[in-house]
Amino acid sequence: MLALLQQLENMMTHKLWTAESLFNELKDVTLGGNVCLYTLEICEKLAPIANKINDLKRQRNAIVLAHSYVAPEIIRCVADFVGDSYELSKLAKQTKADTIIFAAVKFMAETAKLLSPQKDVLIPSSFNGCSLADSITAQDIRQLRKQYPNYTFICYINTSVAVKAECDICVTSSNVYSIVEHVDSDYIYFLPDKLMGQNVVNELKRRGVNKTIKYWEGTCYVHEEYEPEMVDFVRAKNQGIKVVSHPECRSDVVDKTDFVGSTSQMINYVKQSDASSFFLLTECGLTSRLQTEVPEKSFKGTCTMCKYMKANSLDSILAALEAPTQQQYIYLDPQVQQKALKCIDNMFKWVEAVT
Ligand code: 13P
Ligand code: SF4
């Protein structure tokens, strides 16, 4: 992680973009299917905005943390680090920057603020939400706690701070299986993702672990769309292709794939694999990212986009640096802050203990 942080601090000096260099970087990147949206004209508009952002970051000692699902021009031109929700949380905790611009979704920015309360954390996105995080409230958990008093409440990071404050341990897609397996409780209430909950039940069975697991009814509206027939269809047409999925997908989809993991674990799998072609069952931003990072391999993706992640843009990042609005600042309710931090800290403790 220290090496990653070093990389993060080093990347804070970005190169100066020209329309041509930007076009060269993005000309083969597809978004939402097979179409490349980047023309030289579009890059003429984007390059000066990217340069202005990189300038302001240096002046303000600010960094941009970006999730792999955001637009390629954010990832390639202004992000200081791109990662999955676990990596981004750790980086938010460790960076020496004064301001964190979190190009992702609100619950990720809230987690950064929990871990670095002395820093300014800003979310550029104009459209805050996540179908999973929005599916459950703190009041729901208080009710469930009465119903299931002997259960350990494990929440996915895709939840609000208020929900985390009511739970025992937070997990992310990169550590959910090992934490649920090893945690010292045989009765688990997992929330809010029903599909991830079903995947956890199946994985624990495969590992020979016997626990009683209940789960909430939330779903990710992007990942729930994939069906097992899509895997059969793509395999039939593409001999030798490896199929990779996210644990937010349905279990009958995950069970047909070669690898399941967080967005960064999917990237590592692809980079380390001997195979040359991959079908990625996740938001299309990951396919775009891999097209630029691993051009020697070929990727089939889906045309499903997360409207919340895609609501970040170079314009909104620039606005957050130049004249942030009250809505862009992350403020946390001091009443829930300490309890939610404990839930996140428990995740870090368990990750250290089991990985
Ligand atoms: P990762 O932690 O795997 O990046 O997942 C976050 C997410 O919201 C996926 O939909
Ligand atoms: Fe939420 Fe799904 Fe978007 Fe991830 S892809 S942020 S789970 S809506």
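What is the spin-label model distance, in nm, from Cys303 to Lys349 if the labels are put 7 Å beyond Cα along the C-beta direction?
4.9
Highest GNM mean-square fluctuation, the chain, Cα pairs closer than 10 Å: which of Val183, Val243, Val201?
Val183
Quick one: which of Lys15/Lys96; Lys57/Lys300; Lys27/Lys310; Lys119/Lys339; Lys90/Lys339; Lys113/Lys164 span more than 23 angstrom between C-alpha atoms?
Lys57/Lys300
Which one, Ile100, Ile42, Ile317, has the greatest fluctuation when you compute a Gaussian network model over the chain with C-alpha springs under 10 angstrom?
It is Ile42.
What share of the DSSP beta bridges in the chain is antiparallel, in percent to the nearest 5?
Of the beta bridges lying entirely in the chain, close to 5 percent run antiparallel.
With a cut-off of at most 14 other beta carbons within 10 Å, and DSSP calling the residue loop, which chymotrypsin sites (Phe, Trp or Tyr not before Pro) in region 84-164 qualify? Please list them.
For chymotrypsin sites (Phe, Trp or Tyr not before Pro) across region 84-164 that sit outside H, G, I, E and B with at most 14 neighbouring Cβ atoms in 10 Å, the list reads Phe127.
With a cut-off of at most 14 other beta carbons within 10 Å, and DSSP calling the residue loop, which trypsin sites (Lys or Arg not before Pro) in region 69-122 qualify? Please list them.
Hits after loop and neighbour filter: Lys96.
Quick query: amide H of Val171 versus all other amide H atoms, modeled in the peptide plane; which residues come in under 5 Å with a sequence gap of 5 or more or a different chain?
Amide H neighbours of Val171, under 5 Å, 5+ apart: Cys155, Tyr156, Ile157.
How big is region 198-274 on each of its three principal axes, counting only the C-alpha atoms and giving the largest first in Å?
39, 25, 21
Calculate the spin-label point distance for Arg206 paired with Ser277, positioning each point 7 Å from the Cα along the beta-carbon direction, and give it in nanometres.
2.5
Hey, any idea what % of the chain's accessible area is carbon plus sulfur with a 1.4 Å probe?
Carbon with sulfur: 49 percent of the solvent-accessible area.
Roughly how many nanometres apart are two label points built 7 Å out from the Cα toward the Cβ at Glu296 and Gln239?
Going by the 7 Å Cα→Cβ label model, 2.3 nm.
Which log10 I(q)/I(0) values does the chain give at q = 0.11, 0.12 Å⁻¹ under the Debye formula, counting every alpha carbon as one identical point scatterer?
Values returned for q = 0.11, 0.12 Å⁻¹ are -0.73, -0.88.
Between Glu322 and Lys27, what is 0.36 nm times their sequence separation minus the Cα-Cα distance? Round to one decimal in nm.
Length difference between fully extended and current span is 103.3 nm.
Once you have the Cα-Cα distance between Gln147 and Thr39, take 0.36 nm times their residue separation minus that, and quote the gain in nm to one decimal.
Residue separation times 0.36 nm, minus the Cα-Cα distance, leaves 33.2 nm.
For region 133-219, which GluC sites (Glu not before Pro) pass both filters: DSSP loop (anything but H, G, I, E, B) and at most 15 other C-beta atoms within 10 Å?
Glu217
The values are calculated or read from the model by the stated rules, or taken from the named source; none is laboratory data. Quick caveat: nothing in here was measured; it's all calculated off a predicted structure. Here Cβ is always computed from backbone atoms with ideal geometry, including for glycine, and neighbour counts include all displayed protein chains. Remember, those area values only see protein heavy atoms, side chains included, never the ligands or the DNA or RNA. Shrake-Rupley method; radii C 1.70, N 1.55, O 1.52, S 1.80 Å.
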